[in-house]
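*Asks:* Pasting in a structure now, in structure tokens, and then I'll have a few things to ask.
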Amino acid sequence: MNRQKMMALVAHDNMKHDLAEWVDWNCEKLSKHRIVCTGTTGKIVEETLLNHSASHHYEQPALDITRLKSGPLGGDQQIGAKIVEGQIDFVIFFSDPLTAQPHDPDVKALLRIAQVYDIPIANNKASADFMISSPLMDEEYEHDVINFRQNISERAKQL
């Protein structure tokens, strides 16, 4: 993981505005890094940043934001693929714990692949605040990816 991180931003529908406000509040810190978002989340983040700059008559640092497909249309899988390819360094996913999600299997797959590849995941404002405040944000970091073959071999020995 390089000094400049690639972060994925994802949010359930009821949490998109909370995530956009969090990005707006942390724009200075986030401007040092690159961002990839699922489609609708990215749109709301961009609109929030634009509206905030216009209403306060000052410019915030520009954010490098790439928008993918909407989550239910494959955006979660696109982020998962980027994790596998080593392009995502951490995930900020503001999830809604009180509402059933129709594409929950996609979300679970994304979270699982992030765990396999040792990608930090923040699922709410508090964990996201702690994550971006970490001294590791400005340093290189080596992931500890699960060795699938070794894991299977060790499990087989235990049987």
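The values are calculated or read from the model by the stated rules, or taken from the named source; none is laboratory data. Note that this is a predicted model, so its numbers are computed, not measured. Here the Cβ positions follow ideal geometry from the backbone for every residue, glycine too, while neighbour counts run over all protein chains shown. In case anyone asks, the SASA skips ligands and DNA or RNA and just uses the protein heavy atoms, side chains included. Shrake-Rupley method; radii C 1.70, N 1.55, O 1.52, S 1.80 Å.
*Asks:* From the residues in the stretch 91-114 that are among the small types (Gly, Ala, Ser) and within 13 Å of the chain's Cα centre (by Cα), which one is least open to solvent (accessible area, probe 1.4 Å)?
*Replies:* Residues of the stretch 91-114 that are among the small types (Gly, Ala, Ser), as a first pass: 95, 100, 109, 114.
Now restrict to residues that are within 13 Å of the chain's Cα centre (by Cα): 95, 114.
On the way: SER95: 35, ALA114: 2 Å².
Filtering the stretch 91-114 for residues that are among the small types (Gly, Ala, Ser) and within 13 Å of the chain's Cα centre (by Cα), the one least open to solvent (accessible area, probe 1.4 Å) comes out as ALA114.
*Asks:* Could you list, in sequence order, the residues of the stretch 4-27 that are farther than 14 Å from ILE132 by Cβ and either touching a residue at least 40 places away in the same chain (Cβ under 8 Å) or surrounded by 19 or more Cβ atoms within 10 Å (Cβ to Cβ) (or both)? Lay out the reasoning, then the answer.
*Replies:* Keep residues of the stretch 4-27 that are farther than 14 Å from ILE132 by Cβ, which gives 10-18, 20-21.
Selection gives VAL10, ALA11, HIS12, ASP13, ASN14, MET15, LYS16, ASP18, ALA20.
*Asks:* Then there's this: In the stretch 61-113, which residues are closer than 18 Å to ILE132 by Cα and acidic (Asp, Glu)?
*Replies:* Scanning the stretch 61-113 gives ASP64, ASP89.
*Asks:* Restricting the search to the stretch 28-44, which residues are among the polar types (S, T, N, Q), buried (at least 22 other Cβ atoms within 10 Å of the Cβ) and free of Cβ contacts under 8 Å to residues at least 40 places away in the same chain?
*Replies:* Of everything in the stretch 28-44, just one residue is among the polar types (S, T, N, Q), buried (at least 22 other Cβ atoms within 10 Å of the Cβ) and free of Cβ contacts under 8 Å to residues at least 40 places away in the same chain, namely THR41.
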